[in-house]
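One structure is given here, and the rest of the page talks about it.
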């Protein structure tokens, strides 16, 4: 079996600010773009309805803003990625160039999906996020650097300590974020556990 | 002693603790559908992996199926392609597929319980956030992304961190005209759309255990709208009675064994929780959302809040909501005109929902200018409704009666809002653009309230419209 093991401990680049609380996965990728059997090509549909009118004209949105072109880190606010479990949402973001997400909080399934794709989703307090967002807005060339081993993010020359579920952090650092091979290595234990679950044997005793 | 169901079921399925600190959890039942699975099968094939337990994996089609005509090939080429992908994948991997050719096709969270696949004490995963629905049976249902679907297909397990457990104790009894939907909308309004992050919700108390299984499913279904990935109700006699005799349910002596097991996993009376929240069902009125998150819900008697009275952290989303909805602060929600009435979805597309709506609709006419339609949650719901004469009641009133699917809950099929249309909807999400038009607007409410809105053409208090609470047949 092809094993995917790729440690992710550091993401560096310029950033894009997508401000607002409760930005749901329907806004990140509208459902009509999910009629696909592969994730390839989803990048161009990220935030589609926020970026384009129904006639296809551009609307003002950070993802349309030349100043943020080439950004690899996205800075968001509270409860980002709420709603649907569609992995199409973080896939669309990743395929439009986002390699890490920094926010006040993330919906649980969204954060799990990000990790499973090797995209760190790290958490900072509201005041810090607002401060970072202001700084990026005023100077989009500001370099950000997310360092997982030290749990720090550097914005220009300012360093902050971020929060992140420890399991996600360690899986990314160890390169085990693609969990299939780790889970499959316990196949004996899986069978052993299954043999003790009463409904799997049809309650036959 | 002092154990809650969540921790008991988790421990029973825990294979091991991984180096990351997460637990590897065995998944007893894996449900798949056409939208989130094709990429998972593709990843599996790229790695030369097989489906470990096809016998514990079941598939259906719901998200993309058209509801007006379900003839193949579908007119929508992309939808047809997805349909063919799931047919191919299930056949290749030996997975039972409840497709359109069977009498058991329907929304994945409706057919699982209907078939008796969903049982207490199970861990259930599905690539859909409303998998929490299955918690109504005292199962633990996880909505998962496509990479995790790959994990479950390949290993029948997934890596998870154990959440905390919050008990939501609902005392009293629902008054006539007030429903399970109103309980869950009120809970989300109180605890917030992100209040449940990191928690599993246990719904408990007199009001919850007085509910039917279908009503419990409505409540567990929307746990995720409150941020909680998992929601459940402890199994009781209502649960056992619902399961008995269903196709995949244990039968005979095995059923008695099962009931003993199911009783043993329920939370102890003195079980410990990480948090407790109390709600009184006696005080509840029908709820309606006024904004763009399911937490922006008020009683039908109330006015839309003013920005000033809202806590700081809610103001920004509220401002966006007012702008999108075209509503003003302090306006009553009652009397808001609607263009579309949608009855259906995994939240409220079951037979009891349609019966209750039909009771309101019977002998009435849909208001002029309102497009109203019913999308049964499954073929079985549709067949049962036909036995009871419900389609005629709806059709005579001016509703369209459709085939089973997710339909305008998320508008991946041809059922959509147009432009700035506003819908009264029995579904679960009022997000901007959710029902197919980026400018469309959604008011979430119970099926009975949707029926009332369809008849009057505006948000109305169903308690003033409802005939005496007798069944239609």
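So the values come out like this:
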{"read-out": "Partner chain coverage, peptide B:151-160 - average Cβ within 10 angstrom", "value": "6"}
{"read-out": "Percent RCO, i.e. relative contact order, over region B:289-464, from Cα pairs under 8 Å lying at least 6 residues apart", "value": "28 percent"}
{"read-out": "Peptide A:73-82 - average C-beta neighbours from other chains (10 Å radius)", "value": "3"}
{"read-out": "Distance between modelled label sites at residue A:69 and residue B:269, nm, 7 Å Cα→Cβ extension", "value": "7.0 nm"}
{"read-out": "Cβ-based exposure ranking for B:220, A:82, in which fewest neighbours within 10 Å come first", "value": "B:220, A:82"}
{"read-out": "Taking chain B and dividing mean pair separation by its residue count, relative contact order in percent (alpha carbons under 8 Å, at least six apart)", "value": "17 percent"}
{"read-out": "Estimated FRET transfer efficiency when R0 is 60 angstrom, pair residue B:238-residue A:154 (beta carbons, to 0.05)", "value": "0.60"}
{"read-out": "Fewest-first sequence of A:143, B:287 by Cβ atoms within 10 Å of each Cβ", "value": "A:143, B:287"}
{"read-out": "Region A:1-155 - percent relative contact order, Cα under 8 Å, separation 6 or more", "value": "31 percent"}
{"read-out": "Ranked by how many other beta carbons lie within 10 Å on average, peptides B:203-211, B:66-74, B:180-188 from highest", "value": "B:180-188, B:203-211, B:66-74"}
{"read-out": "Gain in span if fully extended, residue B:103 to residue B:464, counting 0.36 nm per residue against the direct Cα distance", "value": "126.2 nm"}
{"read-out": "Peptides B:424-432, B:259-267 ordered by average Cβ neighbours within 10 Å, highest first", "value": "B:424-432, B:259-267"}
{"read-out": "All Cα pairs of region B:264-392, percent lying beyond 25 Å", "value": "50 percent"}
{"read-out": "Orientation-averaged projected area, Cα convex hull of the protein assembly as shown (nm²)", "value": "27.5 nm²"}
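Since every read-out is calculated from the coordinates, none of them should be taken as a lab result. Bear in mind the structure is a predicted one, so any value in this text is a computation, not a measurement. Cβ: placed from backbone, ideal geometry, glycine included. Neighbour counts: every protein chain shown.
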